[in-house]
Every structure is written in C-alpha cells, then in structure tokens.
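A single structure is presented below for examination.
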Amino acid sequence: MENNFKFTKTKWTLILIFVLIGIGLCVELSLIFYKTNFLDVYTPSFCSVSNLIDCDGVSKTTYSLSMGVPNSLWGLILYFVMLMLLFVDRIQAKFKNTIFDVFENPSSYIATLGLLSFAISMVLAFISIFKINKICVLCFCTYFVDLFIALIAKQKGFFIEDIKITIKDFIKGAKKHFVLFLIVLISFVSALVYLNNSLILSPKLKKERLMKEFFEAKTNKYAIKGNVLGNEKADVVVEVYSDYNCPFCRVLNIMLHKIAKDDKILVKDVNFPLDTSCNSQIYSTLGGHENSCLYAKYALAAKKQGKLWGVANVLFDYHPRNPEEINEQIKKARLGIDMDQLVSDVNSPEIAKQLADDIEKAAKLNLNGTPALVINGVFYMGGMPYEDLLDKIELAQKRAEN
C-alpha cells in the first residue's frame, strides 16, 4: 500500500529522535511517580530542587494521573504509538491485508497526536503553575517534545488538513473493523473505569481519596443514635479517646461508624476533653476547646437515655457554642431525648464523676492530645488513614482468632 503522505528522510529521522527523547523522559517520570507513590522512603529526584521546581511534589498530587493512569504512562503510550506509525510501512509490507492496512497517512496521524497531546499539556501546565504551584521540569520538556513532533510531522498550513485526514481515516478504519473496534473500545473504557475507581496504580492517592470522604463530610452519614456502636459480641473492641472539638477526632468518629456497620468491631467512647475546666492532666486549654468539658458531659448524660452516639454526632458535626445552642441542635436532631432530664443530668455530680473517671483512664496512657485508640489492648496515638485503621483492626481480629 502506498501512503498518500510519506515522510521525507529528514522528517522521519527528526521525529524518531524526538520520540526516543520523549520515551526517555516518560521512563524517568514513571520512576519518579513509582517511588513517590509506592515507597515510604526515597531519595529526592534531581529535578526536585525547591518548592517551585519539584518533580516529586507534582507526582504526589492527584493531577499526576488522568483517569487512574499516571500521565507518564499516557506519554509512553503516545510515543510508542508514534513509533509504530514511523515503522508502519515496514509492518504493512510484512503483514499484508491486516489491521495495519488502515494506517494510510501516518504523517498526519503523528501531527494530530502531537498537536492534541500538546493542547492537553498546556492544560496540565496551567494546573501545575496556578493550582499545584509547582513545576515539573521533565513534564515541561515532554510538552515541547510533543510540539516539535507535531510541527515536524504536519503538512503545510495549520494542521487543518492533518486533522481532517486523521478523523476521516479513523472513521473509515472503525467501520471496516467494527467488531474489533467495539471490543477494543469496550475493553479500554472498562479498564479506565477500573483504574480510575481503584487507583491501583497510586496507593498513596487512593488513601487520600478515601480520606476525602471523611474530611469533607458535612455530617456523619453512618451515624447511629443509640449507645452501642458495632457488635457487642465482636472479637475486636476499639476504645476511642476523643475530644468533641478535635477535628481529627471527628474524622476518626466517621471512620469508626463506617467500619462498625459491618458488625466486626465494638466501639467504646472515652472522653478526654482538652479543656482545663475539667481536665487537670493538661497544662492549658487549647484554642477552640473551651466547651469540650461541657460537650463531654452532654454525651455522658445522653448515654443515660440510650442516645450517646446520637448526641456525640450532633456535637461533632455542629459545634454549638453554648448550652442553649447545644439544646437547640439536639432538638433539631429529633433523637427522642427528654431534654429536661438531659440538662439536669449534665449538671449532676454523677456525670461529673463519670467524666473524671474517663480522664483518669486516659491519663494512665499518658495522653496529652487526641485522638487515640486502644484496639484489643494495643495503643495507637493520633489519627491515621482509613486503610491503615482497617489493617490494624484486621490484625486484631486475626490475633483474637488465634
């Protein structure tokens, strides 16, 4: 088959050189992506020299992937397709009357692919400069490689003819091999959906995506109203030491509610308000925690009416500023609480004693902050990613079974 638009030897050679440069850049970018997303400890890349010029920093963001696939791998796919198009004449000569016969104008295809990838690159460059506030030098090098390839491969004019030819040949090839085209398209889309949802190619970003559910939640969609969170007969008991004004405690609270839905754990709440009005174990009240002792008393008082977690979630979600606002928010939640009894219990010596007992229990763990967890007797300080929490619960489950 004779192509309508053959490469000159000079064009062919120049495009080959730039394609090989692009492959080299994308291989290095893929290695950077791997170490920053799969390794906990790694040596910074040579192109990470400042807060602005930071290839490693860019590769850690969600913008380093498109549809679940690292942009560096998309680049490799692009350059290998271009490489195939450069040698398509030889492939057609060797494999006659095959799918390769549809590639009639490889020069136009390369020009179109180069232009398209450069246009996408400009979007990525904008995101890098104005949203991430970091620049990946190697990424920018690939952007110019794409532009040079497009300019070398194009016909006369501004790519219009090349784009028309590419679209026309694509439609013609899809019609000629419709069944194969449909199979490839369905397989490709299915693979992208899986990769985008699973983020299997970026475990760190997967953790970040999972955590967004909890950090960005306006309310706890897994919230329960009663005193029992989880399964009272569960092999794994999780004691959570928290302060209702602690943002990380709120995140952990939603995570535990989600896990408890499967009845694999029993969650027990232990109050450790970072407020010196009731907690003598800390030196000073942290800013924003001035109502923490009052919140804890409300939660303990609600427990007497079987509504511990109902009130706890109201306190975590809305942070009312005074007793009047607390009462109003609890009423709005429609938990079925006797408000007169609740207010009476909040101010009772019994609740004060229960709170003091919680604080003393926490003090034995040498707590100086929240949140903290004790999972079947094993102590963990601070918040953690959702998957890490699941792993620790699973480990406790295995130990309990053995």
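The values are calculated or read from the model by the stated rules, or taken from the named source; none is laboratory data. Note that the coordinates shown come from a computational prediction; the quantities given were computed from them, not determined experimentally. Ideal geometry is used to build each Cβ from the backbone, glycine not excepted, and the neighbour counts take in all protein chains shown.
Is there any pair linking a residue in segment 20-43 that is free of Cβ contacts under 8 Å to residues at least 24 places away in the same chain to one that is β-branched (Val, Ile, Thr), with Cβ under 9 Å and at least six apart or on different chains, and which?
35/43; 42/36
Yes or no, residue by residue, for (1) buried (at least 16 other Cβ atoms within 10 Å of the Cβ); (2) outside any helix (DSSP H, G or I); (3) under 21 Å from the mean Cα position of the chain (by Cα); (4) not assigned by TED's automatic domain parsing to the domain that holds residue 19:
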| position | (1), (2), (3), (4) |
| --- | --- |
| 139 | yes, no, no, no |
| 142 | yes, no, no, no |
| 152 | yes, no, no, no |
| 164 | no, no, no, no |
| 169 | yes, no, no, no |
| 174 | no, no, no, no |
| 185 | no, no, no, no |
| 191 | no, no, yes, no |
| 209 | no, no, yes, yes |
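Turning to a different aspect of this structure: Quick check on segment 349-380: of everything there that is without any contact (Cβ under 8 Å) to a residue 40 or more places away in the chain and closer than 12 Å to residue 272 by Cβ, which residue is surrounded by the fewest Cβ atoms within 10 Å (Cβ to Cβ)?
364
Next question. So residue 71 fits all but one of (1) farther than 30 Å from residue 160 by Cα; (2) modelled with pLDDT of 95 or more; what number is the exception?
(1)
Now, a different point. Report every pair of residues separated by at least 6 positions or lying on different chains whose Cβ atoms are under 6 Å apart, first residue within segment 90-102 and over 20 Å from residue 179 (Cα atoms), second surrounded by 10 or more Cβ atoms within 10 Å (Cβ to Cβ).
91/100; 92/1; 92/100
Okay, moving on. Checking the condition touching a Leu at 6+ places or on another chain (Cβ under 6 Å), under 24 Å from residue 255 (Cβ atoms), in the same structural domain as residue 249 (by TED's automatic domain parsing) and hydrophobic (A, V, I, L, M, F, W, C), which residue from 312, 362, 296 passes?
296
Another question, then. Tell me which helices (runs of 4 or more DSSP H) are completely within segment 216-328 and hold 1 or more residues being surrounded by fewer than 17 Cβ atoms within 10 Å (Cβ to Cβ) and in contact with a strand residue (DSSP E or B) (Cβ under 8 Å, 6 or more places away or on another chain), or say none if there are none. Spell out how you get there, then give the answer.
Details: elements: 247-260, 292-303, 308-318.
Filter on segment 216-328 gives an empty set.
Let me ask something additional. List pairs: first residue in segment 50-74 and touching a residue at least 24 places away in the same chain (Cβ under 8 Å), second residue of a type in the set (Phe, Trp, Tyr) and not in a loop (DSSP other than H, G, I, E, B) anywhere in the structure, Cβ distance under 6 angstrom, at least six positions apart or on different chains.
59/33; 70/33; 72/33
Can you pull out every residue in segment 91-132 that is of a type in the set (D, E, K, R) and more than 30 Å from the chain's Cα centre (by Cα)?
Selection gives 94, 96, 101, 104.
Kindly indicate whether any position in segment 14-30 is part of a helix (DSSP H, G or I), under 25 Å from residue 144 (Cβ atoms) and within 21 Å of the chain's Cα centre (by Cα).
yes
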